[in-house]
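Since the structure comes first, as structure tokens, the remarks are kept for the end.
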Amino acid sequence: MARHALNRTVGMIAATAMCAAAATEVAAQTSGQDATIIRNNQLQSVDVTSDLVLNVEGATDQVTGSNSAQGNSLSGAVQNGTLQLGSRQTMRGDSLATTTIAGRETEGAVNVVTQAGGNYLAAGAYGASASVDATQTMEAGEISAGSSLTGGTARLLEGGSIGTSAIANRTDLGGTGAVVIGTVTQSSDASVRASTLVETQYIPASADVSAQATGNAVAANSTGASSQNLGVRQTSTGTVVTADASANAGNAWDLAGRANAAANQAVLTNQGGAMISRFDQTNGSAVSATARVTAYDFGAAVVSASGAGNLASAGNNDRYLKLDNTQLNTGGVEVQATMIGTNGYDAYVGADAVGNSVTGYACSECSGTLTATNLQNNSGNVSATANTSVVGANRAVITGVNAVGNSATFYVSRPGSGN
């Protein structure tokens, strides 16, 4: 019989399951002593908006902020049993998260995370099996996350991390000693945007400024004596998927700006048993990633920008992997990384762009066997650009640029060795 608990709704519908279910639109039935059956249906038809303002004038300790706007969310796990999960999530409104930081001098680290999402699903199995049939649909709209610290007068004496993430559809699966099987279908017709802007005067410590934008994302990680049999189908048709990170300082000891954008992304890993992975990815969205670091004086400066139309990876630290991959990219991919400084030590600048990318690997010490079928078609423009300008004295400038239409890598290696 279904068991229900109270739920809280704040611009979203949330569900949590631990051998049971608790939320609106979720029904759980026990079939046998150790079996849990969950049928989830969630519809968010209006906008979800969150705003965070941090005024940190003269803070003497750490400054920590978390800001999240999420349409639909379901999370659950099973231990020493069986989970049968069927989930349908649909987001029709916009998801918008904005963070504004104001301050002159902070003596502690500044750590701020801003996230905007449409549909989210997480399921885990521990000494158990999980069967998943999940569909996530993000209709036309906006998934947008932005963070800013402007003015150019802030002094971050202990540095920190300011990161922004926008993801239309996201599914996380995994466990330990688990059997994970099923299919995940994701489609996004939304524009996805993530931007982070930091303007400071002085940072005598490590500081990281990042932005990540993803249309559809699936991650599965099963460890111990686990096995996996998963199919992933992803379609992105929104106008743009774009990430922009800009880190600026008058004087910075160790400053990084990182931007990552992908229309479709699926990363699956397993250990201890057989692994079967099926990918079907289609992208028609324009993908762009822009990272920028400026500093008059700098110790180390890192600029990293990466963009992908379709990205798939399956890795098994055991003897058997079967991978079937199909990728079609018609959207353009544009990546730019820029470093501008006057006097400093070391500058590292990298830009990587790819239309379609697949990676598969298995364990060599286990007498690994890898069987792969791969079909990739790219008709979108792919470009990567790195610009570095240091007009005064400096020690080293290391720059790398890669632009690839279709990339496929398959190998059998020793776990943890890279060989």
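Any read-out appearing in this document is the output of simple, stated calculations on the displayed coordinates, not a laboratory observation. Just so we're clear, the structure is a prediction, and the values are computed from it rather than from any experiment. Heads up, the Cβs are rebuilt from the backbone with ideal geometry, glycines too, and the neighbour counts pull from every protein chain shown.
Ordering 266, 134, 43 by the projection of their Cα atoms onto the charge dipole of the chain, which places +1 on the Cβ of Lys and Arg and -1 on the Cβ of Asp and Glu, puts 134 at the extreme positive end. The share of C-alpha pairs in the stretch 269-419 whose separation exceeds 26 Å stands at 44 percent.
Here the chain yields Rg over Rh of 1.00, to two decimals, using C-alpha coordinates and the Kirkwood radius. Cα-based radius of gyration for the stretch 284-326, normalised by 2.2 N^0.38 Å, reads 1.98.
Taken about its Cα centre, the stretch 312-401 carries a charge dipole of roughly 60 debye when the Cβ of each Lys and Arg holds +1 and the Cβ of each Asp and Glu holds -1. Reducing the stretch 318-361 and the stretch 221-249 to their Cα centroids gives an inter-centroid distance of 13 Å. Measuring nothing but how far apart in sequence close Cα pairs (under 8 Å, 6+ apart) lie, relative to its length, the stretch 313-396 scores a relative contact order of 49 percent.
Packing, taken as the mean count of other beta carbons within 10 Å per residue, orders the peptides 104-115, 353-364, 50-61, 381-392 from highest to lowest as 353-364, 104-115, 381-392, 50-61. Charges were assigned to the Cβ only: +1 to each Lys and Arg, -1 to each Asp and Glu. The resulting dipole of the stretch 130-237 about its Cα centre is roughly 120 debye. Gyration tensor analysis over the Cα atoms of the stretch 240-312 returns equivalent ellipsoid semi-axes of 34, 18, 5 Å (largest first, whole Å). Counting beta carbons within 10 Å around each of 132, 303 and listing the fewest first gives the order 132, 303. Charged neighbours of residue 253, selected by a Cβ distance under 12 Å, balance to -4 (K, R count +1; D, E count -1). Dipole check for the chain: with +1 at the C-beta of Lys and Arg, -1 at the C-beta of Asp and Glu, and the Cα centre as origin, the magnitude is about 860 Debye.
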